[in-house]
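*Asks:* Sharing a structure here in structure tokens format.
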Amino acid sequence: MKKQHILLAVAVTAIWGLNFSVIKIGLNSVDPLILAGIRFALCALPAVFFLKRPQVPWRYTIGYGLVFGVGLWGVVNLGIKAGVSSGIASLVLQFSAFLTILLGAVVFRESLSRFQYLGIAVAMVGLFSITFVTDGTVTLVGVALVLFGAVSWSVANVILKKAAPKEMLAFLVWSSLFSPIPLFLLDLVVNGTKGYVELQHQIGWPAVLSILFQAYPNTVLGYAVWNWLLREYPVSTVAPLSLLVPIFGVLGSVLIFNEPLSPLKLVAGALIIIGLIIGLYGKRLVKSEPAARIPSVSR
């Protein structure tokens, strides 16, 4: 992988990690569901008028838009609003990797390795440890909502695999069309007209910049660059870099919101990341060991 492309990949993971703090800035003044609705409206418009509709069945485009926009980011916004720090949210959301593996086993009849079981167990210990954090950055309701978002992300991944769109950016843009209206209606049902009445007074520059960052650098540009890298290089080369997302997520929360990093929180985060490494790459790492030992054996 070329150096400039490695830097590009790291830049995308930094944007994705920082996005959790950017979301929290927007949530200081705008309702969570309305914030997500505006984000995906901007993802779809005006780009939908310039990108041809991807050649996949409508059920996949609509389903992805509902699950990714409403089930994932709408609910994650609610979780952060419910008291989970942006750093913790970025960590907990990584459970989507394991949930995708489990869903893949059910939907695509893929078998699970012992490394995946071990990785899930280690990460679950880390998640359980987070519930004992008492510095005000964790709430059980917030963690539960972010976990629901992780489930939605895994479902979205399965939809994406079934759809297999060749035009990934167009698929993302067109699917975003089906996120805003359900988000706006859901907020209307849950909160009434309050959020809309107050929106004109709430939508200051911090909220505007938060929404623009979420829509363009984070969603449209980030996914376009990442998918291009996946097309240019093996998945095994690009995918491990995604483990930087929660690291940038925690760093962003520390720098922007002065989130305290207690020993318990560091241990819990480390266990989740170690679990991810074991579950996703353990088998590959073990297979590479014999080759690494060859020089010492031949002496």
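Coordinate-derived values only; no laboratory data. This one's a predicted model, so the numbers in the text were calculated from it and none came from an experiment. Cβ atoms come from the backbone with ideal geometry, glycine included; neighbour counts cover every protein chain shown.
*Asks:* Rg (Å, one decimal) plus Dmax (Å, integer) for the alpha carbons of segment 17-140?
*Replies:* For segment 17-140, the Cα radius of gyration and maximum Cα-Cα distance read 17.5, 50 Å.
*Asks:* Still on this structure: List, largest first, the extents of the alpha carbons of the chain along their principal axes, each in whole Å.
*Replies:* The principal-axis extents, from largest down, are 76, 49, 39 Å.
*Asks:* Pairs on different chains or at least eight residues apart, Cα atoms closer than 26 Å: how many lysine pairs in the chain fit?
*Replies:* Here the count comes out as 13.
*Asks:* For Q200, what is the net charge nearby, where nearby means another residue's Cβ is under 15 Å from its Cβ and Lys, Arg count +1, Asp, Glu -1?
*Replies:* Combined, the nearby Lys, Arg, Asp and Glu give -1.
*Asks:* Moving on. Cα centroid distance between segment 89-141 and segment 183-216, in Å?
*Replies:* Rounded to whole Å, the Cα centres lie 31 Å apart.
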